[in-house]
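Colleague: Questions regarding the structure given below will be posed in turn.
The values are calculated or read from the model by the stated rules, or taken from the named source; none is laboratory data. Everything numeric in this text was worked out from a predicted model, so none of it was measured. So basically every Cβ, Gly included, is an ideal-geometry build from the backbone, and we count neighbours across all protein chains shown. Protein only, heavy atoms only, side chains kept; ligands, DNA and RNA dropped before computing areas. Shrake-Rupley method; radii C 1.70, N 1.55, O 1.52, S 1.80 Å.
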Amino acid sequence: ISMKSILITGGAGLVGSVLTKGLKDKFNIRILDIKKVDGVDSYNGDISNIDSIMPAFEGIDTVVHLAGDRRVYGDWDSILNNNIIGLYNIYEATRLSGVKRVVFASSQHATGGFYDVEPYSFINDGKYEKLPTDYKPLDETCRIRPDSFYGASKSFGESMSSYYSDFHNISTINIRIGWVISDDDPTFSPASLNLWLSHRDIVQIIDLSINAPEEIKYDTFYATSDNYWKIWSIEKAKRILKYKPFDGAGSEFVARETRDADK
């Protein structure tokens, strides 16, 4: 059986680099980014310009769409060009090229407004002693509640992928990614303990999404590691995608002054 050909948009970034390394033995990997990546099939293009990206989609089975402005508080113009127009261009290029599936890197920021709502704010702020013993993590049935233009652009992406699924037969799996950290160490804050998605676990859940049954035409999943403190439930990903996290953050954090982290 020949290996599937996968296009990773934004493949030069942290998550793209982790996925390329973790998936290169399972799939034919191609990268689309504004930066050239050495040692892998790499295309240069700007997702806000569809003509510049079309060649990268030829012969691709699945698109893993990571590209965009990943700054949670990015300015509107950049979010508009990269995360809204850019996302539309990705789906149009997918449709025009006959690609059958997109795995969309959504984000917990699509529902991040809940971080300010009790009891979830207690987890976010590290006030664990205030947490009710019977609290339940939120699942994918909760309302869209963005905490930023970035979060709103991710919920827009989930909506756009629903449209392309229904009217253009493109299967989409939206993964609401927690927090992939450059050094893979989540022990520095309450937010990172709750949101951590380890390098091994993001590779696993993207692999499972690429290979998910064709019947899944559209679905959305939260993705973190199996952390002790949880605002977001990962039970649906475990049940439907057969996700089995390798890792989990502990219950205690040590605050640090400076930190190289990618959220």
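Colleague: Going by average Cβ density within 10 Å per residue, which order do the peptides 126-137, 225-236 take, highest to lowest?
Modeller: 225-236, 126-137
Colleague: Where the accessible area of segment 22-106 is counted over protein heavy atoms with a 1.4 Å probe, how much of it, in %, is carbon and sulfur?
Modeller: 48
Colleague: What order, most packed first, do the peptides 86-96, 29-39 have when packing is the mean number of other Cβ atoms within 10 Å of each residue?
Modeller: Packing order, densest peptide first, comes out as 86-96, 29-39.
Colleague: Hey, can you find the accessible area per residue of the chain for me, probe 1.4 Å, expressed in square angstrom?
Modeller: 46
Colleague: A follow-up question, please. In whole Hz, what ³J(HN,Hα) sequence does segment 119-132 give by Karplus (6.51, -1.76, 1.60; θ = phi - 60°), x for Gly and Pro?
Modeller: Running phi through 6.51 cos²θ - 1.76 cosθ + 1.60 with θ = phi - 60° gives x, 5, 5, 5, 5, 4, 9, x, 9, 5, 5, 8, 6, x Hz.
Colleague: For the ranges 237-244, 41-48, 209-216, what's the packing order if you count other beta-carbon atoms within 10 Å of each residue, average per peptide, and put the highest first?
Modeller: For the peptides 237-244, 41-48, 209-216, the packing ranking is 41-48, 237-244, 209-216.
Colleague: So what's the convex hull volume per residue for the Cα atoms of segment 148-193, in Å³?
Modeller: Taking only Cα atoms, segment 148-193 has a hull volume of 94 Å³ per residue.
Colleague: Another question, then. Hey, if you put +1 on the Cβ of every Lys and Arg and -1 on every Asp and Glu Cβ in the chain, which of Asn82, Gly68, Gly39 ends up farthest toward the positive end of that dipole?
Modeller: Positive-end residue among those listed: Gly39.
Colleague: Which loop-located trypsin sites (Lys or Arg not before Pro) does segment 132-204 contain, where loop means any DSSP state but H, G, I, E or B and the Cβ has at most 13 other Cβ atoms within 10 Å?
Modeller: In loop regions of segment 132-204 (DSSP not H, G, I, E or B), the sparsely surrounded trypsin sites (Lys or Arg not before Pro) are Arg143.
Colleague: Continuing with the same structure: Using the Cα centre as the reference, give the magnitude of the dipole from point charges on the C-beta atoms of segment 1-70 (Lys, Arg: +1; Asp, Glu: -1; all else neutral), rounded to the nearest 20 debye.
Modeller: 300
Colleague: Once the convex hull of the C-alpha atoms of the chain is built, how many Å³ does it hold per residue, rounded to a whole number?
Modeller: 126
Colleague: Enumerate the aspartates and glutamates that Lys230 could reach by cross-link, defined here as Cα to Cα under 17 Å, with residues fewer than 8 away along the same chain left out.
Modeller: Asp116, Glu118, Asp125, Glu129, Asp134, Asp139, Glu140, Asp185, Asp201, Asp247, Glu252
Colleague: As a quick test, which of the pairs Lys4/Lys24; Lys26/Lys236; Lys4/Lys236; Lys136/Lys236 have an alpha carbon distance above 19 angstrom in this structure?
Modeller: Lys26/Lys236; Lys4/Lys236
Colleague: In a solvent-free Debye calculation with one equal scatterer on each Cα, what is log10 I(q)/I(0) for segment 96-208 at q = 0.11, 0.19 Å⁻¹, listed in the order of the q values?
Modeller: -0.43, -1.10
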